Amino acid sequence: MKDMSTPHKVVPDAARKKTGLLAKPSRADAEPKEKSAIEHVKNLTTKLADTQMLADARLQEIIILSKLVLDLREEIQSRPQLQSAKLERSHKRRFWGIPSYLLGKNTSKLKKDLATLRNSALFDQLWYLKKYPDVQKSGVDPVLHYLKFGAKEGRDPGPRFNTLEYTRKNPELANSGENPLLHYIKKNG
């Protein structure tokens, strides 16, 4: 039970205001916090969109590679005469060290695009391999990787070209599927 012998002290509102108990934050204090919160939400939204784009690109890469593996398994199983000697011969047909099965059907366009990227000062192969050790570990040609997968994953071809920024500034690239660096080179010479 409460001890009723001593009355409770009632603190007047004026005293509470002095101590800050009833003080409301001023509008001037709230505005910078509100702007900061809005900016933070915008940054998070942008990061989420970038992450989603990278995840979609990775998913596409997985789908393409899975189909490739299934097709190769099917071909090997359907033609048992394809022994190691024939496989070695087919893998010797390479362009810049790239196995023919990675080049795809339209090899002349791919060869031209690869040559364009190789000759561009904006594509730095050593930088690309250093920046993306997974590409180096895979042994895939860095120019081919960027052309087929890297740009879709939002990777940069070198320190002087930002793939995601260029894609944001040129939204027509999102639907066309054109490589951002090739687009830049064609547009700017």
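Below is a table of values for the structure above.
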read-out: Restricting the range 154-189 to residues that are more than 17 Å from residue 47 (Cα to Cα) and among the polar types (S, T, N, Q), the residue that is surrounded by the most Cβ atoms within 10 Å (Cβ to Cβ); value: 179
read-out: Verdict on residue 123 being modelled with pLDDT of 85 or more, of a type in the set (Phe, Trp, Tyr), surrounded by 15 or more Cβ atoms within 10 Å (Cβ to Cβ) and assigned to a loop (DSSP other than H, G, I, E, B); value: yes
read-out: Where residue 96 falls short, out of the listed (1) closer than 30 Å to residue 186 by Cα; (2) at pLDDT 55 or above; value: (2)
read-out: Candidate set: the range 131-153, residues that are surrounded by fewer than 18 Cβ atoms within 10 Å (Cβ to Cβ) and of a type outside the set (Ser, Thr, Tyr); chosen: the one nearest to residue 110 (Cα to Cα); value: 139
read-out: Residues (out of contact with any Ser or Thr (no Cβ under 6 Å at 6 or more places or on another chain), of a type outside the set (A, V, I, L, M, F, W, C) and under 19 Å from residue 110 (Cα atoms)) located in the range 173-188; value: 176, 177, 178, 179, 183, 184, 186, 187
read-out: Qualifying residue in the range 38-57 (condition: charged (D, E, K, R), part of a helix (DSSP H, G or I) and modelled with pLDDT under 80); value: yes
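Table: residues versus (1) modelled with pLDDT of 95 or more; (2) over 20 Å from residue 51 (Cβ atoms); (3) of a type outside the set (A, V, I, L, M, F, W, C).
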site: 109; (1), (2), (3): no, yes, yes
site: 113; (1), (2), (3): no, yes, yes
site: 134; (1), (2), (3): no, no, yes
site: 137; (1), (2), (3): no, yes, yes
site: 145; (1), (2), (3): no, yes, yes
site: 149; (1), (2), (3): no, no, no
site: 152; (1), (2), (3): no, no, yes
site: 171; (1), (2), (3): no, no, yes
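The values are calculated or read from the model by the stated rules, or taken from the named source; none is laboratory data. Predicted model, so just to flag it, every value in this text is computed and none were measured. Using ideal geometry, Cβ is built from the backbone for each residue, glycine included, and neighbour counts are taken over all protein chains shown.
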